[in-house]
1. Considering region 92-113 alone, what residues qualify as being within 20 Å of the chain's Cα centre (by Cα) and either more than 15 Å from the ligand (Cβ to nearest atom) or aromatic (F, W, Y) (or both)?
2. Among (1) in contact with a Lys or Arg (Cβ under 7 Å, 6 or more places away or on another chain); (2) farther than 26 Å from Q149 by Cβ; (3) open to solvent by 40 Å² or more (accessible area, probe 1.4 Å), where does A79 come up short?
3. Search region 19-47 for residues being open to solvent by less than 40 Å² (accessible area, probe 1.4 Å), away from the ligand (no atom under 11 Å from the Cβ) and part of a helix (DSSP H, G or I), and hand back the single one that is nearest to M1 (Cα to Cα).
4. Can you name the residue in region 114-132 that is away from the ligand (no atom under 13 Å from the Cβ) and open to solvent by less than 10 Å² (accessible area, probe 1.4 Å) and is also nearest to T159 (Cα to Cα) among such residues?
5. State all residues of region 161-187 that are aliphatic (A, V, I, L, M) and either touching a strand residue (DSSP E or B) at 6+ places or on another chain (Cβ under 8 Å) or open to solvent by 60 Å² or more (accessible area, probe 1.4 Å) (or both); if no residue qualifies, say none.
6. All but one of (1) over 30 Å from L107 (Cβ atoms); (2) under 15 Å from the mean Cα position of the chain (by Cα); (3) open to solvent by 40 Å² or more (accessible area, probe 1.4 Å) hold for S190, so report the exception by its number.
7. I'm trying to understand the selection: among the residues of region 199-252, which are surrounded by 15 or more Cβ atoms within 10 Å (Cβ to Cβ) and of a type in the set (S, T, N, Q)?
8. L196 fails exactly one of the following numbered conditions: (1) closer than 22 Å to E152 by Cα; (2) in contact (Cβ under 8 Å) with a residue 12 or more places away in the chain; (3) open to solvent by less than 50 Å² (accessible area, probe 1.4 Å). What is the number of that condition?
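The values are calculated or read from the model by the stated rules, or taken from the named source; none is laboratory data. The structure presented is a predicted model; accordingly, all values stated were derived computationally and were not measured. Here the Cβ positions follow ideal geometry from the backbone for every residue, glycine too, while neighbour counts run over all protein chains shown. Keep in mind that these areas ignore ligands, DNA and RNA; they rest on the heavy atoms of the full protein, side chains included. Shrake-Rupley method; radii C 1.70, N 1.55, O 1.52, S 1.80 Å.
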Amino acid sequence: MISRIAVIGAGTMGAGIAQVAAIAGATVRVADERSGAVSNALSRIRTTLDGTVSRAKTTADAADAAFARISAAVDVDAAVDGAELVIEAIVEDLATKQALFAAMDALTPASTILATNTSSLSVSRIAAATTRPSRVVGMHFFNPVHIMQLVEIVVHPQTDLAIVPDLTEFVGALNKTAIVVRDSPGFASSRLGVALGLEAMRMLEQGVASAADIDTAMMLGYGHPMGPLRVSDLIGLDVRLRIAESLWQELGAPHFEPPPILRQKVRAGELGKKTGRGFYEW
Ligand code: NAI
């Protein structure tokens, strides 16, 4: 089993990934270019672990042992040293990710698997910055990492599929389920989730039903835990609009064209839960 990992980027996702990997027994080195980011991440991880102990989901000993398996690395060079798998969770910018992957390619043996947690960029284009595209994949975790059970393993045309079983096993050890998705805009989850959300918005616009009733249709009619409009509010309508625009542009499918109601809400600063108002009052 993969047991030595590095996480580059100690933000929301990097901290979550480091935490779940350490709980699964892996040793984890974390690096970030911003000073103080890793120590902040470590204290957030400590708080989350303490929460699991107080809710009796973990023992104090297990939480302490997991925490002890995570260490701060002074830089990327130190983080990736000896790692079997590196998971990148830095800013969502293609050129920045490509520069990091080129650097990591030079720093690690050819056997090291380099994974990106990108939610929207082409894994193939990130892999192209290295001399080992066959060992570059997407590992798309969901926020909050310690709760969400899905990981999309994103393979591109050059990925050596022989690495997929090891990654699937690793994801299983994190108590999560891996699905394998071909590198394509929105992967599986965003593409389907955004399509549903946008159609729900169009139905609201056309007066088919109220927001609450559209959501209830999916919850009670299809067993979704939450309706698509409430999910959109939680994710943030600005985030949804940005993803819809990029899927519309890349896939050229008319059902990804953002409906006017979404643009209006974003223009009005009604971004969902984070601003107190979206399709719902929060
Ligand atoms: P964040 O902004 O919380 O953290 C990013 C961290 O990366 C920051 O601490 C920053 O200092 C660091 N960083 C930036 N450039 C760096 C570099 N060149 N080298 C080292 N560290 C660098 O971002 P977040 O939300 O954790 O997202 C990270 C990645 O995960 C992005 O690709 C994002 O699209 C993806 N993602 C985010 C999700 C979310 O809900 N936040 C869900 C799934 C994927």
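1. F101, I113
2. (3)
3. The extreme case among them is A21.
4. Only one residue tops the list, namely A127.
5. L161, A162, I163, V164, L167, V171, L174, A178, I179, V180, V181
6. For S190, the exception is condition (3).
7. S232, S246
8. L196 satisfies all of (1) closer than 22 Å to E152 by Cα; (2) in contact (Cβ under 8 Å) with a residue 12 or more places away in the chain; (3) open to solvent by less than 50 Å² (accessible area, probe 1.4 Å) except (3).
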